[in-house]
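The values are calculated or read from the model by the stated rules, or taken from the named source; none is laboratory data. Small disclaimer: the values here were computed from a predicted structure and weren't measured. When we count neighbours, we look across all protein chains shown, and the Cβ atoms used for this are built from the backbone with ideal geometry, even at glycine. With ligands, DNA and RNA removed, areas are computed over all heavy atoms of the protein, side chains included. Shrake-Rupley method; radii C 1.70, N 1.55, O 1.52, S 1.80 Å.
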Amino acid sequence: GYAAEMDNPLMAHLISPELQNKKDILFGNMEEIYHFHNRIFLRELENYVEYPELVGRCFLDQMEDFQIYEKYCQNKPRSESLWRQFSDSVFFQECQRKLDHKLSLDSYLLKPVQRITKYQLLLKEMLKYSKNCEGAEDLQEALTSILGILKAVNDSMHQIAITGYDGNLNELGKLLMQGSFNVWTDHKKGHSKVKDLARFKPMQRHLFLHEKAVLFCKKREENGEGYEKAPSYSYKHSLNMAAVGITENVKGDAKKFEIWYNAREEVYIIQAPTPEVKATWVNEIRKVLT
(Lines give C-alpha, C1' and ligand atoms only; values in the text may rest on other atoms or scores of the structure.)
Protein backbone atom coordinates (compact mmCIF):
# COMPACT_ATOMS: atom_id res chain seq x y z
CA GLY A 1 0.00 0.00 0.00
CA TYR A 2 2.95 2.37 0.48
CA ALA A 3 6.14 0.69 -0.72
CA ALA A 4 4.74 -0.28 -4.14
CA GLU A 5 3.20 3.18 -4.55
CA MET A 6 6.66 4.75 -4.15
CA ASP A 7 7.53 3.07 -7.47
CA ASN A 8 4.24 3.97 -9.13
CA PRO A 9 4.84 6.58 -11.89
CA LEU A 10 1.31 7.97 -11.39
CA MET A 11 2.16 8.85 -7.79
CA ALA A 12 5.62 10.27 -8.53
CA HIS A 13 4.41 13.89 -8.59
CA LEU A 14 3.33 13.61 -4.92
CA ILE A 15 6.74 12.46 -3.71
CA SER A 16 9.12 15.24 -2.71
CA PRO A 17 12.61 14.98 -4.29
CA GLU A 18 14.28 14.37 -0.90
CA LEU A 19 12.08 11.32 -0.36
CA GLN A 20 12.76 9.76 -3.75
CA ASN A 21 15.09 6.73 -3.76
CA LYS A 22 14.73 6.48 0.03
CA LYS A 23 12.43 3.47 -0.03
CA ASP A 24 15.13 1.16 1.39
CA ILE A 25 15.74 3.47 4.33
CA LEU A 26 12.04 3.82 5.14
CA PHE A 27 11.12 0.13 4.89
CA GLY A 28 14.44 -1.53 5.73
CA ASN A 29 14.31 -5.24 4.90
CA MET A 30 10.57 -5.51 5.59
CA GLU A 31 10.10 -7.36 2.29
CA GLU A 32 12.67 -9.97 3.30
CA ILE A 33 10.83 -10.49 6.61
CA TYR A 34 7.53 -10.79 4.76
CA HIS A 35 8.87 -13.43 2.34
CA PHE A 36 10.43 -15.43 5.15
CA HIS A 37 7.07 -15.65 6.94
CA ASN A 38 4.98 -16.12 3.85
CA ARG A 39 7.06 -18.73 2.02
CA ILE A 40 8.86 -20.53 4.82
CA PHE A 41 7.81 -20.01 8.41
CA LEU A 42 4.02 -19.99 7.96
CA ARG A 43 4.11 -23.20 5.89
CA GLU A 44 6.28 -24.86 8.53
CA LEU A 45 3.92 -23.77 11.31
CA GLU A 46 0.91 -25.14 9.46
CA ASN A 47 2.45 -28.62 9.68
CA TYR A 48 2.04 -28.46 13.45
CA VAL A 49 -1.62 -27.44 13.66
CA GLU A 50 -2.49 -30.89 15.07
CA TYR A 51 0.61 -31.06 17.31
CA PRO A 52 1.13 -27.58 18.77
CA GLU A 53 3.38 -28.87 21.55
CA LEU A 54 5.97 -29.86 18.92
CA VAL A 55 6.16 -26.37 17.42
CA GLY A 56 9.51 -25.70 19.15
CA ARG A 57 11.17 -27.79 16.43
CA CYS A 58 9.78 -25.42 13.80
CA PHE A 59 11.47 -22.45 15.51
CA LEU A 60 14.76 -24.29 15.93
CA ASP A 61 14.88 -25.27 12.26
CA GLN A 62 14.42 -21.63 11.19
CA MET A 63 16.38 -19.91 13.95
CA GLU A 64 19.08 -18.60 11.62
CA ASP A 65 16.48 -16.81 9.51
CA PHE A 66 15.21 -14.89 12.52
CA GLN A 67 18.40 -12.86 12.41
CA ILE A 68 16.83 -10.81 9.61
CA TYR A 69 15.04 -8.96 12.42
CA GLU A 70 18.35 -7.62 13.70
CA LYS A 71 18.94 -5.92 10.37
CA TYR A 72 15.44 -4.41 10.50
CA CYS A 73 15.87 -3.05 14.02
CA GLN A 74 19.29 -1.57 13.22
CA ASN A 75 17.76 0.40 10.37
CA LYS A 76 14.80 1.56 12.48
CA PRO A 77 16.37 4.82 13.77
CA ARG A 78 17.15 5.93 10.19
CA SER A 79 13.66 4.96 9.11
CA GLU A 80 12.03 6.88 11.97
CA SER A 81 14.08 9.97 11.35
CA LEU A 82 13.03 9.94 7.67
CA TRP A 83 9.40 9.36 8.59
CA ARG A 84 9.42 12.31 10.98
CA GLN A 85 10.71 14.60 8.23
CA PHE A 86 8.00 13.60 5.77
CA SER A 87 5.13 12.21 7.87
CA ASP A 88 2.79 15.00 6.77
CA SER A 89 3.62 14.68 3.07
CA VAL A 90 0.73 14.51 0.60
CA PHE A 91 2.02 11.20 -0.73
CA PHE A 92 1.62 9.38 2.62
CA GLN A 93 -1.78 11.00 3.24
CA GLU A 94 -2.98 9.88 -0.16
CA CYS A 95 -1.79 6.28 0.38
CA GLN A 96 -3.48 6.16 3.76
CA ARG A 97 -6.72 7.49 2.27
CA LYS A 98 -6.67 4.85 -0.49
CA LEU A 99 -6.05 2.06 2.03
CA ASP A 100 -8.69 3.45 4.38
CA HIS A 101 -6.32 2.90 7.32
CA LYS A 102 -7.12 4.56 10.63
CA LEU A 103 -3.43 4.38 11.61
CA SER A 104 -0.58 5.96 9.70
CA LEU A 105 2.38 4.13 8.19
CA ASP A 106 4.66 4.39 11.24
CA SER A 107 2.31 2.10 13.22
CA TYR A 108 2.91 -0.61 10.63
CA LEU A 109 6.64 -0.03 10.46
CA LEU A 110 6.75 -0.84 14.16
CA LYS A 111 5.15 -4.27 13.64
CA PRO A 112 8.35 -6.30 13.05
CA VAL A 113 9.89 -4.89 16.24
CA GLN A 114 6.76 -5.86 18.17
CA ARG A 115 6.62 -9.25 16.48
CA ILE A 116 10.13 -10.37 17.42
CA THR A 117 9.47 -9.46 21.06
CA LYS A 118 6.16 -11.35 21.07
CA TYR A 119 7.59 -14.77 20.19
CA GLN A 120 9.26 -15.24 23.54
CA LEU A 121 5.92 -14.54 25.30
CA LEU A 122 4.12 -17.09 23.13
CA LEU A 123 6.81 -19.72 23.71
CA LYS A 124 6.77 -19.11 27.49
CA GLU A 125 3.01 -19.54 27.47
CA MET A 126 3.23 -22.78 25.46
CA LEU A 127 5.91 -24.14 27.79
CA LYS A 128 3.61 -23.56 30.73
CA TYR A 129 1.09 -26.03 29.25
CA SER A 130 3.59 -28.52 27.84
CA LYS A 131 5.56 -29.43 30.95
CA ASN A 132 5.87 -33.21 30.66
CA CYS A 133 5.07 -33.82 27.05
CA GLU A 134 7.16 -34.62 24.03
CA GLY A 135 8.49 -31.38 22.56
CA ALA A 136 8.94 -29.56 25.88
CA GLU A 137 12.73 -29.61 25.48
CA ASP A 138 12.51 -28.14 21.99
CA LEU A 139 10.17 -25.41 23.23
CA GLN A 140 12.65 -24.56 25.97
CA GLU A 141 15.53 -24.47 23.52
CA ALA A 142 13.49 -22.34 21.09
CA LEU A 143 12.72 -19.89 23.90
CA THR A 144 16.41 -19.67 24.85
CA SER A 145 17.36 -19.05 21.21
CA ILE A 146 14.73 -16.34 20.72
CA LEU A 147 15.89 -14.62 23.92
CA GLY A 148 19.42 -14.79 22.48
CA ILE A 149 18.24 -13.08 19.29
CA LEU A 150 16.44 -10.40 21.33
CA LYS A 151 19.65 -9.78 23.28
CA ALA A 152 21.63 -9.51 20.04
CA VAL A 153 19.05 -7.06 18.63
CA ASN A 154 19.16 -4.98 21.80
CA ASP A 155 22.97 -5.00 21.96
CA SER A 156 23.31 -4.02 18.33
CA MET A 157 20.89 -1.11 18.83
CA HIS A 158 23.32 0.23 21.44
CA GLN A 159 26.36 -0.55 19.32
CA ILE A 160 25.17 1.49 16.33
CA ALA A 161 24.92 4.48 18.72
CA ILE A 162 28.71 4.52 19.36
CA THR A 163 30.31 7.71 18.05
CA GLY A 164 33.95 8.71 17.66
CA TYR A 165 35.47 5.25 17.21
CA ASP A 166 38.08 5.44 14.43
CA GLY A 167 38.30 1.82 13.36
CA ASN A 168 35.71 -0.62 12.11
CA LEU A 169 33.67 -2.08 14.99
CA ASN A 170 33.04 -5.25 12.97
CA GLU A 171 36.72 -6.07 13.19
CA LEU A 172 36.45 -6.45 16.98
CA GLY A 173 34.53 -9.72 16.64
CA LYS A 174 31.11 -10.45 18.04
CA LEU A 175 29.56 -8.06 20.57
CA LEU A 176 29.07 -10.23 23.67
CA MET A 177 27.82 -7.81 26.33
CA GLN A 178 27.07 -4.13 26.85
CA GLY A 179 26.07 -2.19 29.96
CA SER A 180 26.63 0.79 32.28
CA PHE A 181 29.10 0.75 35.19
CA ASN A 182 30.94 2.88 37.72
CA VAL A 183 34.65 2.82 36.87
CA TRP A 184 37.68 3.87 38.94
CA THR A 185 41.16 3.92 37.40
CA ASP A 186 44.42 3.23 39.14
CA HIS A 187 47.38 3.62 36.80
CA LYS A 188 51.01 2.87 37.66
CA LYS A 189 52.27 5.58 35.34
CA GLY A 190 51.17 9.11 35.92
CA HIS A 191 50.88 11.68 38.65
CA SER A 192 50.14 10.47 42.17
CA LYS A 193 47.58 13.28 42.49
CA VAL A 194 45.58 11.77 39.64
CA LYS A 195 45.64 8.48 41.49
CA ASP A 196 44.23 9.96 44.70
CA LEU A 197 41.44 11.75 42.88
CA ALA A 198 40.60 8.61 40.96
CA ARG A 199 40.04 6.63 44.15
CA PHE A 200 37.02 8.63 45.22
CA LYS A 201 34.93 9.68 42.28
CA PRO A 202 33.94 7.00 39.81
CA MET A 203 33.37 7.70 36.13
CA GLN A 204 30.12 6.57 34.57
CA ARG A 205 31.08 4.39 31.63
CA HIS A 206 29.16 2.23 29.20
CA LEU A 207 31.21 -0.87 28.40
CA PHE A 208 31.01 -2.90 25.20
CA LEU A 209 32.67 -6.31 25.45
CA HIS A 210 33.71 -7.71 22.08
CA GLU A 211 35.68 -10.88 21.43
CA LYS A 212 38.83 -8.87 20.65
CA ALA A 213 38.47 -5.69 22.72
CA VAL A 214 36.52 -4.00 25.47
CA LEU A 215 35.37 -0.44 24.70
CA PHE A 216 34.83 2.26 27.32
CA CYS A 217 32.31 4.90 26.23
CA LYS A 218 30.53 7.82 27.82
CA LYS A 219 26.78 7.79 27.54
CA ARG A 220 25.09 10.95 26.28
CA GLU A 221 21.32 11.29 26.60
CA GLU A 222 19.85 12.93 23.53
CA ASN A 223 16.90 15.27 23.51
CA GLY A 224 14.16 14.50 21.08
CA GLU A 225 11.30 12.19 20.36
CA GLY A 226 11.17 8.41 20.03
CA TYR A 227 14.42 6.99 18.76
CA GLU A 228 16.10 10.40 18.77
CA LYS A 229 15.78 10.25 22.53
CA ALA A 230 17.93 7.13 22.41
CA PRO A 231 21.34 7.70 23.97
CA SER A 232 24.57 7.85 22.04
CA TYR A 233 27.90 6.64 23.35
CA SER A 234 31.04 8.66 22.76
CA TYR A 235 34.07 6.44 22.52
CA LYS A 236 36.79 7.07 25.13
CA HIS A 237 39.28 4.20 24.86
CA SER A 238 39.56 0.46 24.38
CA LEU A 239 41.64 -2.44 25.70
CA ASN A 240 42.81 -5.28 23.50
CA MET A 241 41.54 -8.52 25.06
CA ALA A 242 44.86 -10.21 24.27
CA ALA A 243 46.55 -8.08 26.96
CA VAL A 244 43.73 -8.02 29.53
CA GLY A 245 43.66 -9.75 32.91
CA ILE A 246 40.85 -9.96 35.43
CA THR A 247 40.52 -10.04 39.22
CA GLU A 248 37.11 -11.45 40.04
CA ASN A 249 36.76 -10.23 43.62
CA VAL A 250 37.55 -6.83 45.04
CA LYS A 251 37.64 -6.63 48.83
CA GLY A 252 34.57 -5.19 50.46
CA ASP A 253 32.19 -5.09 47.48
CA ALA A 254 30.40 -8.02 45.85
CA LYS A 255 29.55 -5.87 42.82
CA LYS A 256 33.14 -4.93 41.93
CA PHE A 257 35.74 -6.64 39.78
CA GLU A 258 38.98 -5.49 38.19
CA ILE A 259 40.12 -5.43 34.61
CA TRP A 260 43.84 -4.82 34.30
CA TYR A 261 46.02 -4.22 31.31
CA ASN A 262 49.63 -4.93 30.39
CA ALA A 263 50.58 -6.66 33.65
CA ARG A 264 48.68 -4.20 35.89
CA GLU A 265 50.16 -1.09 34.28
CA GLU A 266 46.57 0.13 34.04
CA VAL A 267 43.92 -1.09 36.48
CA TYR A 268 40.19 -0.46 36.09
CA ILE A 269 37.95 -1.16 39.07
CA ILE A 270 34.47 -1.79 37.74
CA GLN A 271 31.31 -1.74 39.81
CA ALA A 272 28.27 -3.46 38.34
CA PRO A 273 24.70 -2.44 39.30
CA THR A 274 24.13 -5.87 40.93
CA PRO A 275 26.20 -8.94 41.91
CA GLU A 276 24.29 -10.90 39.21
CA VAL A 277 25.36 -8.51 36.46
CA LYS A 278 28.93 -8.72 37.73
CA ALA A 279 28.82 -12.55 37.66
CA THR A 280 27.57 -12.58 34.05
CA TRP A 281 30.30 -10.20 32.90
CA VAL A 282 33.06 -12.01 34.76
CA ASN A 283 31.94 -15.29 33.14
CA GLU A 284 31.88 -13.79 29.66
CA ILE A 285 35.30 -12.16 30.09
CA ARG A 286 36.70 -15.42 31.45
CA LYS A 287 35.39 -17.26 28.37
CA VAL A 288 37.14 -14.78 26.07
CA LEU A 289 40.41 -15.01 28.00
CA THR A 290 40.47 -18.81 28.00
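Would you mind working out the accessible area per residue for the chain, using a 1.4 Å probe, and quoting it in Å²? Please list the in-between numbers first.
Numbers: 17100 Å² over 290 residues.
With all protein chains present, the chain gives 59 Å² per residue.
Of all accessible surface on the chain at a 1.4 Å probe, what whole percent is carbon and sulfur? Before the final figure, lay out each step's value.
Values: 8790 of 17100 Å².
It is 51 percent, rounded to a whole number.
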(message) Output wanted: per-residue J couplings in Hz (rounded whole) for region 131-148, from phi through Karplus 6.51 cos²θ - 1.76 cosθ + 1.60, θ = phi - 60°, x for Gly and Pro.
(response) 3, 10, 9, 4, x, 4, 5, 5, 4, 5, 5, 5, 4, 4, 5, 5, 4, x
(message) Explain nothing, just compute: Karplus ³J(HN,Hα) = 6.51 cos²θ - 1.76 cosθ + 1.60, θ = phi - 60°, for every residue of region 32-39 in order, whole Hz, x for Gly and Pro.
(response) 4, 5, 4, 5, 4, 5, 5, 8
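Defining a contact as two alpha carbons under 8 Å apart and six or more residues distant in sequence, what relative contact order in percent does the chain show? Numbers along the way, then the final one.
On the way: 385 pairs, mean separation 41.5, N = 290.
Reported relative contact order: 14 percent.
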(request) Output the pairs from Lys76/Lys151; Lys71/Lys128; Lys22/Lys76 with a Cα-Cα distance over 21 Å in this structure; if there are none, say none. (result) Lys71/Lys128
(request) Scan around Met177 for amide H atoms under 5 Å from its own, H built in the peptide plane at 1.01 Å from N, and keep only partners 5 or more places away or cross-chain. (result) Leu209
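Would you mind calculating the gained length between Ser180 and Lys22 on full extension (0.36 nm times residue separation, minus the Cα-Cα distance), in nm to one decimal? Can you show the working numbers first?
Details: separation 158, 0.36 × 158 = 56.88 nm, distance 3.48 nm.
Extra length from Ser180 to Lys22 when fully extended: 53.4 nm.
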(request) Please report, largest first and rounded to whole Å, the three semi-axes of the ellipsoid equivalent to the chain, where each semi-axis is the square root of five times an eigenvalue of the C-alpha gyration tensor. (result) 42, 29, 15
(message) Straight-line reach only, C-alpha to C-alpha below 28 angstrom: list the lysines that Lys201 could link to, leaving out same-chain residues fewer than 8 apart.
(response) Lys188, Lys189, Lys193, Lys218, Lys219, Lys229, Lys236, Lys251, Lys255, Lys256, Lys278
(message) Going by amide H atoms built from the backbone, whose H comes under 5 Å of the H on His187, apart from near neighbours?
(response) Val267
(message) Which trypsin sites (Lys or Arg not before Pro) in region 39-113 sit in a loop by DSSP (not H, G, I, E or B) and have at most 11 other Cβ atoms within 10 Å of their own Cβ?
(response) Lys102
(message) Using only DSSP helix segments of four residues or longer, with each worth -39500 (n - 2.57), what per-residue ellipticity at 222 nm results for the chain after dividing by its residue count and rounding to 500?
(response) -13000 deg cm²/dmol
(message) What is the angle, in °, between the Cα long axis of helix 111-128 and the longest principal axis of the Cα atoms in the chain? Nearest 10 is fine, range 0 to 90.
(response) 80
(request) Mind pulling the angle between the C-alpha long axis of helix 68-86 and the longest principal axis of the chain? Nearest 10 degrees, somewhere in 0 to 90. (result) 70
